[in-house]
Amino acid sequence: MKTKKVVGRIFLYLLVVLACFAFLMPILWIVFSSFKTQSELFAWPPKLFSMSPSFDNYRLAFSSGDFGAYFFNTSFVAIVATVITVVINTMAGYVFAKYRFKGDRFLFMMVLATLMIPLEVIMIPIFKVIVATHLYNNLWGLIIPAAASPTAVFLVRQYYLSISSSIMESARIDGASEWRIFTSVMLPIGKPVMAVLTIISFMWRWNDYLWPKIIINNKQKFTIQLALANFSGEYSVDWNSLLAMSVVSMLPVIVVFLIFQKHIVGGMTTGAVKG
Amino acid sequence: MKTWEQRLFPYLMLLPMLLIFTVFLFYPAVNGLWTSFHKWDGVNPAKFIGWENYVNLFQDTAFWKSVGRTLLFTLISVPGIYILGLALALLLTTSIKGRSVYRAVFYLPCLISSIVVGLAWRFLLSEDFGVVNYLLTIMGGKPVRWLTDPRNALVAVAMISIWSMAGYYMVMFISGLQTIDTEYYDAASIDGANGWQRFLHITLPLLRPTSLLVLVLSTVAIIKTYPLVVALTGGGPAGATKFIVHIIQETGFEKYKMGYASAMTMVLFFLLMILTLLQFKFSRGGKTNEN
């Protein structure tokens with residue numbers, strides 16, 4: 001009985017190590033390859049480590065192309081869009097959870113009805129609106145249109161529904177305005193759900209390809225993902241700088257994820273399962 | 001009695017979201033249907049042509065081939081994501097040490113953009129210098145044309161999708177598994193049920209809500225596959241990995257047939273709806289049979 005248990009545990013650890021290898025190795029290989037020289041990249045047999053690792057590929061990526069500009073564009077879009085997304089959807093979700101007003105059900109149903117409509121389905125008419133509002137080839141065209149998120153409104157509403165309204169009542173008796181109740185009482189309570197929105201929004205904005213593809217045509221305004229896709233479509237792919245750019249492009253999301261990780265594992269799944 | 005401030009406050013709070021929502025989401029959703037009945041190149045005024053786009057679309061073999069290809073791709077990827085996601089979750093709900101580290105490792109690919117995932121695997125799967133083929137040859141196999149042979153490319157894209165998405169659904173499965181009361185397992189063990197029986201008769205039935213959610217969300221995500229393929233194969237070889245969204249994007253923004261592309265998006269929308277409803281129906285049917 002005891003040996004059987006030991007064998008079982010060894011088997012479990014073997015499985016975990018194997019799985020870790022399968023998930024981690026491809027990424028590590030890319031990271032290590034980004035430090036290789038051109039001849040090492042295409043050497044046979046391929047080796048994990050470079051004999052003379054250097055930052056040359058990174059230097060090349062930042063100096064020859066406009067990678068700095070792409071990095072700036074992407075950061076600008078991801079940060080500004082995330083702030084706007086979190087603010088306006090938190091405000092809306094909070095109101096849907098805590099206030100009864102004329103048309104509240106109708107408005108909420110209207111928002112819910114679009115929950116199932118992904119960008120892929122409306123990309124043609126979206127383009128039409130973008131052109132009409134002069135947001136084509138404009139970074140604000142990436143930021144504003146997708147800032148209203150039915151999913152986010154829904155998550156925030158669910159969160160505030162689980163919080164008692166009695167604090168609001170006592171604040172009202174104390175003479176606090178509705179705005180003040182929101183900013184100094186209810187908003188701090190909403191930190192966990194806002195953390196979840198922050199990471200979801202930032203990740204999506206940073207990694208998104210389809211939306212920039214539709215809205216940005218001017219090379220100067222490319223995001224990193226657009227630029228990477230564009231370079232990879234060229235006749236001869238410059239793997240040296242492409243790998244370096246790919247590695248740099250992964251870092252911000254990983255950093256944001258590490259900061260908010262505590263919230264996302266709990267928060268995202270409870271929201272998702274409830275939804 | 002509410003003050004004017006209390007009356008007005010909710011509307012003011014909703015205003016920014018509703019404004020953007022109406023202009024950039026609600027209006028386009030309605031307008032898409034309108035556009036699908038028009039001939040429009042994106043620049044000149046649209047011309048109403050009734051059902052013509054739909055009639056043409058119905059006979060468009062390239063489009064329906066792509067729909068079929070997308071469904072085949074879904075049929076391979078979704079079960080793969082489900083099985084791998086659940087397996088990883090089960091592994092991480094055992095009593096092994098360092099679970100949070102493993103969880104982060106399995107989740108890592110989900111943090112990487114589809115474009116970079118595509119580029120990375122294109123590098124790893126390269127015929128001439130790719131490490132995957134190198135590993136195959138040292139194990140006595142022959143190099144495989146992963147991405148340049150039409151017969152392999154679709155399966156390769158499916159495998160990569162599974163690799164990059166399983167971690168996301170693993171997290172959902174973990175929280176689903178944690179809601180299952182351990183008393184059930186204890187009782188079953190006393191009755192002499194082995195691990196497999198416990199999994200089959202306790203875990204799977206009690207995990208049904210999570211399973212349904214994973215199936216619906218992963219199906220929707222997989223059907224929309226496009227950026228990954230852009231970076232990995234460009235839709236090739238010979239269109240073998242060109243899925244619906246890719247065709248719509250090309251038709252609308254490269255061939256400038258916006259009306260026709262809108263009709264295609266209606267088919268995509270319909271497909272997403274039907275698959276979602278089917279999964280709901282299927283899972284509910286299973287539940288009533290059991291009770």
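The values are calculated or read from the model by the stated rules, or taken from the named source; none is laboratory data. Bear in mind the structure is a predicted one, so any value in this text is a computation, not a measurement. Heads up, the Cβs are rebuilt from the backbone with ideal geometry, glycines too, and the neighbour counts pull from every protein chain shown.
Just to verify a result, which residue in region B:76-110, among those that are hydroxyl-bearing (Ser, Thr, Tyr) and more than 18 Å from the chain's Cα centre (by Cα), is surrounded by the fewest Cβ atoms within 10 Å (Cβ to Cβ)?
Here the answer is B:95.
Among the numbered criteria (1) within 14 Å of chain A (Cβ to nearest Cβ); (2) part of a helix (DSSP H, G or I), which one does residue B:42 miss?
(2)
How many residues, within region B:12-28, are surrounded by 18 or more Cβ atoms within 10 Å (Cβ to Cβ) and aliphatic (A, V, I, L, M)?
Total meeting the criteria: 6.
Given the condition touching a residue at least 12 places away in the same chain (Cβ under 8 Å), touching a Phe, Trp or Tyr at 6+ places or on another chain (Cβ under 9 Å), facing chain B (nearest Cβ under 9 Å) and surrounded by fewer than 19 Cβ atoms within 10 Å (Cβ to Cβ), answer yes or no: does some residue in region A:43-52 qualify?
yes
Scan region B:240-271 residue by residue and report those that are under 18 Å from residue B:28 (Cα atoms) and under 16 Å from the mean Cα position of the chain (by Cα).
Correct list: B:245, B:268, B:269, B:270.
Among the numbered conditions (1) facing another protein chain (nearest Cβ under 9 Å); (2) within 16 Å of residue B:85 (Cβ to Cβ); (3) β-branched (Val, Ile, Thr), tell me where residue B:137 comes up short.
Failing condition for residue B:137: (2).
Of all residues in region A:177-209 being assigned to a helix (DSSP H, G or I) and free of Cβ contacts under 8 Å to residues at least 12 places away in the same chain, which is nearest to the other protein chains (Cβ to nearest Cβ)?
A:178
Mind checking which helices (runs of 4 or more DSSP H) fall wholly inside region B:190-256 and carry at least 2 residues that are modelled with pLDDT of 90 or more, away from every other protein chain (no Cβ under 11 Å) and surrounded by 18 or more Cβ atoms within 10 Å (Cβ to Cβ)?
So the answer is B:208-223.
Within region A:138-152, can one find any residue that is part of a helix (DSSP H, G or I), over 30 Å from residue A:72 (Cα atoms) and not acidic (Asp, Glu)? Even if it seems obvious, please write down each step before you answer.
Of all residues in region A:138-152, those part of a helix (DSSP H, G or I) come to A:139-143, A:145-147, A:150-152.
Going one step further and asking which of them are over 30 Å from residue A:72 (Cα atoms), we end up with none.
No: zero hits.
Regarding region B:101-123, can at least one residue be identified that is more than 28 Å from residue A:202 (Cα to Cα), free of Cβ contacts under 8 Å to residues at least 40 places away in the same chain and out of contact with any strand residue (DSSP E or B) (no Cβ under 6 Å at 6 or more places or on another chain)?
No; the residues of region B:101-123 include none that is more than 28 Å from residue A:202 (Cα to Cα), free of Cβ contacts under 8 Å to residues at least 40 places away in the same chain and out of contact with any strand residue (DSSP E or B) (no Cβ under 6 Å at 6 or more places or on another chain).
What residue, among those in region A:88-120 that are within 20 Å of the chain's Cα centre (by Cα) and within 8 Å of chain B (Cβ to nearest Cβ), is surrounded by the most Cβ atoms within 10 Å (Cβ to Cβ)?
Restricting to residues being within 20 Å of the chain's Cα centre (by Cα) and within 8 Å of chain B (Cβ to nearest Cβ), the top hit is A:89.
Please find, within region B:87-108, the residue that is nearest to residue B:162 (Cα to Cα) out of those that are out of contact with any Phe, Trp or Tyr (no Cβ under 6 Å at 6 or more places or on another chain) and facing chain A (nearest Cβ under 7 Å).
Top of the filtered list is B:108.
So residue A:62 fits all but one of (1) within 13 Å of another protein chain (Cβ to nearest Cβ); (2) part of a helix (DSSP H, G or I); (3) crowded, with 16+ Cβ neighbours inside 10 Å; what number is the exception?
Checking residue A:62 against (1) within 13 Å of another protein chain (Cβ to nearest Cβ); (2) part of a helix (DSSP H, G or I); (3) crowded, with 16+ Cβ neighbours inside 10 Å, the one that fails is (1).
Please specify each residue of region A:176-218 satisfying the condition of being basic (Lys, Arg) and buried (at least 19 other Cβ atoms within 10 Å of the Cβ).
A:205, A:213
Among the residues of region A:67-74, are any in contact (Cβ under 8 Å) with a residue 60 or more places away in the chain, surrounded by 15 or more Cβ atoms within 10 Å (Cβ to Cβ) and β-branched (Val, Ile, Thr)?
yes
Residues in region B:131-155 that are more than 27 Å from the chain's Cα centre (by Cα) and either closer than 20 Å to residue A:25 by Cα or surrounded by 15 or more Cβ atoms within 10 Å (Cβ to Cβ) (or both): how many?
Count: 9.
Take the residues in region A:210-234 that are farther than 24 Å from residue A:29 by Cα and not in a helix (DSSP H, G or I), then tell me which one is farthest from the other protein chains (Cβ to nearest Cβ).
Residue satisfying both the conditions and the ranking: A:218.
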